[in-house]
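The values are calculated or read from the model by the stated rules, or taken from the named source; none is laboratory data. Predicted model only: the values in this text are computed from it and were never measured. Neighbour counts are summed over all protein chains in view; Cβ atoms, including those assigned to glycine, are modelled from backbone coordinates with ideal geometry.
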Amino acid sequence: MARRASRAIARGGGTTLPGRVLLALRPDALEALGRRLDGGAVLVSATNGKTTTTAMIAQILRAQGRPVVHNQAGSNLAWGVATALLDARPGDGQVGLFEVDEAWLGAVARALRPRIVVLANLFRDQLDRYGELERLADEWAALAHELVEWGTKLVLCADDPLVADVAPTPQAALYFGLEDDARALPHRDHAADATHCRRCGAPYEYTVSWLGHLGRYCCPACGHGRPEPTVAARRVELRGMRGSLVEIEHNEQRARIELPLPGVYNAYNALAACAAAIALGFGLRDAATALADVQAAFGRVEVVTLEGRELVLMLIKNPVGANEVLRTLVLEDQQLCLWIALNDGIADGRDVSWIWDAEFELLRGRVRFASCSGTRAPEMALRLKYAGVEAPLAVNREVAKSLEQALRHTDGRLYALPTYTALLELRTWLARKGAAKHWADR
């Protein structure tokens, strides 16, 4: 009743309010509803990419004819999972597939006792809410010991030292990672976070860096290093906004994915999804075939048409994620028209100083027009000025008016780079225009 009422009245409360009501009435609702999932639960957590990775796993499951209960609108706290579980029905083999906020992973996992937990990365994000990365890594490591005792299979990114190290033993995890040195960065990101060994504190030595602090690393002091990935991307070919080619190997079996999503970060998402599928008992080639038709997740390289122009929505929320979006954009041949919306809501993180760690300098000489919006629009404009972006620059805090202005300056494609709450505001406006579904109805 709460879900129906909130969707009818507020349009957008249908993903969290029902779960809040449910958990207030029945604090054990997650445990009770989770028992209806005949196929068990799969949890996915990461700082970046959990929405897309979860959408990819859902695509693989549905391609194999498995019914899925999924928090596809991206509400990833306990009440969002509880709302999704309202659709759980015993007796038909449903798999519960849930992306889970990094800080809420322990509570949700202890309630659901999942079959599989996928941990893809930990990056600096919303320090005012999460605290330092090491605290989250310690919490994940303590949880991993409990999960292994329950029989949960861990699927971990070998390239992230914070994630790879949470497994109690190497045998407790299925590791995935990149093995294409052609995709290496010329130098490690300024935004790299986990640069010191969690076991002895000495600085890691990296032979390759692929994304942030993800790479091939080893501690020269204690010898602890990157575990060998058993699900590996042997080749990644980037094709700008047109997508990418990813070749994945597992146990001498290879699969080729013509992925319609761009960037190294989406190659990682596809790799994590394939590893999860293997842990669930599916074949690598079946998983790869399903991903050839995957659609962009909500606001993650999502393309909508408005007033005869293409609007490409690319969420940015922390330095590493923003850098990967920027690297993807500069692969395009033409000059860029940009709309960047920086908010400082609680869901964004009140501290927006992260924009100074993102490499907006990559845009120098590549921008034809830029518009800055959101509650912290002036700070974003200042950052672009310091980055050396000399194109005409508009500043307007009002999302709708700012976007309309940007569209008037755009002949073809406008790239929209909003933070999280700005993305929700933008999608609501697009829904009113009839250009996209409402974000709560996806």
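Below are the figures for this structure:
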read-out: Scope region 242-290; condition under 15 Å from the mean Cα position of the chain (by Cα) and within 14 Å of residue 231 (Cα to Cα); matching residues; value: 267, 268, 269, 270, 271, 272, 273
read-out: Residue 213 vs. criteria over 23 Å from the mean Cα position of the chain (by Cα), not small (Gly, Ala, Ser) and not assigned by TED's automatic domain parsing to the domain that holds residue 318; value: no
read-out: In region 132-172, residue nearest to the chain's Cα centre (by Cα) [restricted to those that are among the small types (Gly, Ala, Ser) and under 14 Å from residue 114 (Cα atoms)]; value: 144
read-out: Search result, residues across region 200-216 that are assigned to a loop (DSSP other than H, G, I, E, B) and touching a Pro at 6+ places or on another chain (Cβ under 9 Å); value: 202, 204, 212, 213
read-out: Members of region 44-59 found to be touching a Lys or Arg at 6+ places or on another chain (Cβ under 9 Å) and of a type in the set (A, V, I, L, M, F, W, C), listed by number; value: 44, 55
read-out: Selection status of residue 185, surrounded by 17 or more Cβ atoms within 10 Å (Cβ to Cβ), assigned by TED's automatic domain parsing to the domain that holds residue 107 and either part of a loop (DSSP other than H, G, I, E, B) or among the polar types (S, T, N, Q) (or both); value: yes
read-out: Any hit, region 257-269, residues being among the small types (Gly, Ala, Ser), in a helix (DSSP H, G or I) and surrounded by fewer than 24 Cβ atoms within 10 Å (Cβ to Cβ); value: no
read-out: Close pairs from region 324-345: first in the same structural domain as residue 371 (by TED's automatic domain parsing), partner in a helix (DSSP H, G or I) and charged (D, E, K, R), Cβ under 7 Å, at least 6 apart; value: 342/379
read-out: Residue, farthest from residue 365 (Cα to Cα), within region 384-432, restricted to residues that are in a strand (DSSP E or B) and under 26 Å from the mean Cα position of the chain (by Cα); value: 418
read-out: Residue satisfying condition, being under 18 Å from residue 314 (Cβ atoms), of a type in the set (A, V, I, L, M) and in contact with an Asp or Glu (Cβ under 8 Å, 6 or more places away or on another chain), within set 430, 414, 426; value: 414
read-out: Some residue of region 133-148 being outside any helix (DSSP H, G or I), under 29 Å from residue 264 (Cβ atoms) and without any contact (Cβ under 8 Å) to a residue 60 or more places away in the chain; value: no
read-out: Among the residues listed as 137, 142, 111, the single one being in contact with a Leu (Cβ under 6 Å, 6 or more places away or on another chain) and either farther than 28 Å from residue 192 by Cα or at pLDDT 95 or above (or both); value: 111
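Residue-by-condition table, conditions (1) in the same structural domain as residue 354 (by TED's automatic domain parsing); (2) modelled with pLDDT under 95; (3) not in a loop (DSSP other than H, G, I, E, B):
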residue: 191; (1), (2), (3): no, yes, no
residue: 198; (1), (2), (3): no, yes, no
residue: 229; (1), (2), (3): no, no, no
residue: 232; (1), (2), (3): no, no, yes
residue: 248; (1), (2), (3): no, no, yes
